[in-house]
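The values are calculated or read from the model by the stated rules, or taken from the named source; none is laboratory data. What you see is a predicted model; the values in this text were computed from it and never measured. Glycine gets a Cβ as well: all are built from the backbone with ideal geometry, and neighbour counts include every protein chain shown.
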Amino acid sequence: MALWRQLRPDVSRETLRVCYGIAGHTSPQIVPEEVFVSEIEPVLNRYDICRFLGNKNFYDRWLPGGRFPEVLLHNIDGEFYDREYHVLDPTRVGAVIDGADFPLVMKPSMGSGGRGVLFPESREALRAAMVRQTNFVVQRKLRQHEFFRRFQDHGLNTMRVNTYKSVTNNEIHILNTALRMGRAGSLDNETQGGIVRFVRADGALNRYAVDKYGAKYSRHPDTGFDFEAHDVVPRFEELKGLVREMAQQVYLARVVGFDVCLDAEGRWRFIEVNINGHTIRFAQYAGEPFFGPFTDEVIRYCRENPPFR
C-alpha cells in the first residue's frame, strides 16, 4: 500500500482484498475507496460550483446538440418552463400535459441516483406527482436498442463512461466503461439494486455481473440472459468519441461520469452527467484500477495540491 500512503498514511487493504476476491486478480494501482473519497475526488473536482453541471434542468443549455432525451417541462424552484426555457403559466403547463404522449419520465433535477424517478402513465398521474415536487424534469420516455433490451426491459440499461481530463495537458481520456442493468424491477442504479458488467477497451462485455456488495452473477437474475455469451457493445468507438466531445464541454471537473443509452433507432443518447460522488467499483470489481495508466500522475497532482479542509 506504499503507493497510496503518499496521500494518506492510514490506508486500508480492504478494497484490494474485495477486488481480488471478485476478479481473481488485482493490482497495486487499485484505488482504496477511502483515499478516493477523501484525497482524490475533492482535488480533481474541487469546486462546489461545478455541481451545477449535474443539474438535469440545464443540460440542454450548456450541452446543446439534442443528445439528451426530449424535455417537455422544466420545473426550476417551483417555476415551470418549456423545452426552450420560456416561462409557462398554469394554463400553458396544462396544454403541454394534455398534448403529451404517455408514458413519460419525471425525475428530480439533482442527485437522484435513481431515487424519485417516476413513469406517469396518464395525465392525472403526472399532475398528481407534480403537485408534490419541485425541481424536476419531465421527458419523453426512450425506447432502448434491441441489443440492450435482451438483458432486461423494465427500464433503460445504460453505459457508465468515466472520463479524466489530464492534469498535465488537459487531454480527455476514457478511463473505463460499464453496462448497468436493472434487477427485480429496479432501475439500473447500483444503489437501487442494479447489477453491472464491466466493458473491456474493445467493447467486449465481462462474462459476469456484480452488484453493489460484490455478489457475482453469470446470468441475469430476472431474464436468465447468459453473461458467458461473447457480447460486444455496438457502435462502441462512436460512443467513446461522443463522450470525449461532451467531456470537453465540462469545466471545473476532471473526473466525469456519463450515463448513456443506445435508443431503438441506434442513436446514443445521454441520460445523466455525474460530477461528484463517483463510483469507482465498476472497474475495480473487474480487477482494473480506476485511473489505469494515469494513476501516478493523479497521485503526484493530489499530493502537490491537497484538498481543502
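Listed values, structure above:
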{"item": "Which numbered condition Glu304 misses (of (1) among the charged types (D, E, K, R); (2) modelled with pLDDT of 95 or more; (3) surrounded by 15 or more Cβ atoms within 10 Å (Cβ to Cβ))", "result": "(3)"}
{"item": "Qualifying residue in region 64-87 (condition: part of a helix (DSSP H, G or I) and surrounded by fewer than 14 Cβ atoms within 10 Å (Cβ to Cβ))", "result": "no"}
{"item": "Within region 40-65, considering residues that are without any contact (Cβ under 8 Å) to a residue 60 or more places away in the chain and acidic (Asp, Glu), the one farthest from Phe290 (Cα to Cα)", "result": "Asp60"}
{"item": "Which numbered condition Gly111 misses (of (1) within 22 Å of the chain's Cα centre (by Cα); (2) exposed (fewer than 14 other Cβ atoms within 10 Å of the Cβ))", "result": "(2)"}
{"item": "Residue within region 97-105 that is in a helix (DSSP H, G or I) and outside the structural domain of Arg281 (by TED's automatic domain parsing) present", "result": "yes"}
{"item": "Qualifying residue in region 177-188 (condition: assigned by TED's automatic domain parsing to the domain that holds Glu245, surrounded by fewer than 19 Cβ atoms within 10 Å (Cβ to Cβ) and not in a loop (DSSP other than H, G, I, E, B))", "result": "no"}
{"item": "Odd one out for Val105, checked against (1) in contact (Cβ under 8 Å) with a residue 40 or more places away in the chain; (2) under 26 Å from Leu239 (Cβ atoms)", "result": "(1)"}
{"item": "Region 236-251 residues that are touching a residue at least 60 places away in the same chain (Cβ under 8 Å) and farther than 18 Å from Ala204 by Cβ, paired with ones that are aliphatic (A, V, I, L, M) and assigned to a helix (DSSP H, G or I) (beta carbon under 7 Å, 6 or more apart)", "result": "Val250/Leu53"}
{"item": "Residues being under 30 Å from Arg207 (Cβ atoms) and touching a residue at least 60 places away in the same chain (Cβ under 8 Å) - total across region 1-39", "result": "18"}
{"item": "Subset of region 15-56 that is of a type outside the set (Asp, Glu), surrounded by fewer than 16 Cβ atoms within 10 Å (Cβ to Cβ) and under 20 Å from the mean Cα position of the chain (by Cα) - its residue that is nearest to Asn305 (Cα to Cα)", "result": "Arg46"}
{"item": "Of all residues in region 207-226 being touching an Asp or Glu at 6+ places or on another chain (Cβ under 8 Å) and not in a loop (DSSP other than H, G, I, E, B), the one that is nearest to Gly287 (Cα to Cα)", "result": "Tyr217"}
{"item": "Residue in region 196-204 that is within 24 Å of Val31 (Cα to Cα), basic (Lys, Arg), assigned to a loop (DSSP other than H, G, I, E, B) and without any contact (Cβ under 8 Å) to a residue 12 or more places away in the chain present", "result": "yes"}
{"item": "Residue count for region 126-176, restricted to those that are among the basic types (Lys, Arg) and in a strand (DSSP E or B)", "result": "3"}
{"item": "Members of region 279-301 found to be outside any helix (DSSP H, G or I) and surrounded by fewer than 22 Cβ atoms within 10 Å (Cβ to Cβ), listed by number", "result": "Ala286, Gly287, Pro289"}
